[in-house]
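Below you'll find the structure, written out as structure tokens, and then a few comments.
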Amino acid sequence: MKKRVRRSLGILSVAMFIALPALGQPAAAPAQVDLSERLKTVESNPAQLEAMYKVGRKVAAFCANCHGDGGNSVKPEVPNLAGQNAYYLMAQLREFSSTQRKSNEFKKRLVNVMSPDEKIGMVVFYAGQAVTLKPSSDSAMARRGGELYAKRCAQCHERDGRGTREYSRIAGQQTVYLTQSLKGYRDGTGPRLDRQMVDEVKPLNDADIAAVVAFVSSMN
């Protein structure tokens with residue numbers, strides 16, 4: 001009986017990766033690749049950048065069920081990837097691979113079977129997509145959120161909300177995702193508890209968070 005169960009699980013695992021034909025191809029060599037340096041090289045070469053973009057468009061098809069076509073999420077609790085900083089996205093892939101970030105098993109496996117070029121292609125593709133804005137209808141709340149944002153968020157995420165290599169783009173992000181993330185930092189219940197984020201969000205009440213979210217989701 002145990003042998004049959006193990007065999008069934010093995011077949012299930014194989015079937016899962018057969019369903020991902022564009023991913024998981026054997027790497028050319030087992031040596032570690034510095035993905036940031038590789039990405040830098042790709043960005044400086046228009047032909048390579050175009051090639052990686054095409055690779056990334058194929059890879060992104062496996063992410064569209066949650067993150068939407070072109071990285072504009074179809075689920076309010078799932079973040080947009082469109083327009084996100086390529087180097088920031090790459091850092092998140094590394095964290096998924098090393099289990100530094102909590103995630104479901106499918107996502108972990110998907111990331112771990114991706115080749116270096118597939119990872120680079122994916123971040124290049126998403127970085128090049130436009131965010132579909134869903135601005136707040138409460139302009140007064142958004143203005144108040146802008147004041148809080150300038151005080152507590154702009155230093156890292158930049159005044160335009162587009163972040164840097166180290167900090168994520170949050171401009172135009174999903175409202176439910178933003179709300180859950182901010183409350184998670186404040187209350188200590190989120191999957192990531194960056195100390196600087198905790199310190200900045202801790203003083204905010206629910207109304208403050210709603211205002212910040214209204215402002216950020218409206219940023220282009």
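FYI, it's all coordinate maths here, none of it is from the lab. This one's a predicted model, so the numbers in the text were calculated from it and none came from an experiment. Glycine gets a Cβ as well: all are built from the backbone with ideal geometry, and neighbour counts include every protein chain shown.
A few notes on this one:
- Members of LYS75/LYS119; LYS108/LYS151; LYS134/LYS202; LYS40/LYS202; LYS134/LYS183; LYS54/LYS151 lying beyond 32 Å, as alpha-carbon distances in this model show: LYS108/LYS151; LYS40/LYS202; LYS54/LYS151
- Gyration tensor (alpha-carbon) shape descriptor, segment 34-127, a/c threshold 1.5: oblate
- Other residues within the sphere of radius under 12 Å centred on the Cβ of GLU158, judged by their own Cβ, net out at +2 (K and R +1, D and E -1).
- Three-way shape label, segment 147-220, alpha-carbon gyration tensor, a/c 1.5: rounded
- Global geometry of segment 74-170, whether rounded, prolate or oblate, following the gyration tensor of its Cα atoms and the 1.5 cut on a/c: prolate
- Cβ-Cβ FRET estimate between ASP69 and LEU193, R0 fixed at 45 Å, reported to 0.05: 0.90
- Here the label points at GLU105 and VAL78, each 7 Å from Cα along the C-beta direction, are separated by 1.9 nm in the simple model.
- Relative packing of 121-128, 79-86, 172-179, which averages over residues the other C-beta atoms within 10 Å, highest first: 121-128, 79-86, 172-179
- Label zone at LYS202 (point 7 Å along Cα-to-Cβ), backbone N below 19 Å, segment 156-185: 156, 181-185
- Altogether, the Stokes-Einstein calculation at 25 °C and 0.890 mPa s, with the Kirkwood radius of segment 133-188 over Cα pairs as Rh, returns a diffusion coefficient of 203 µm²/s.
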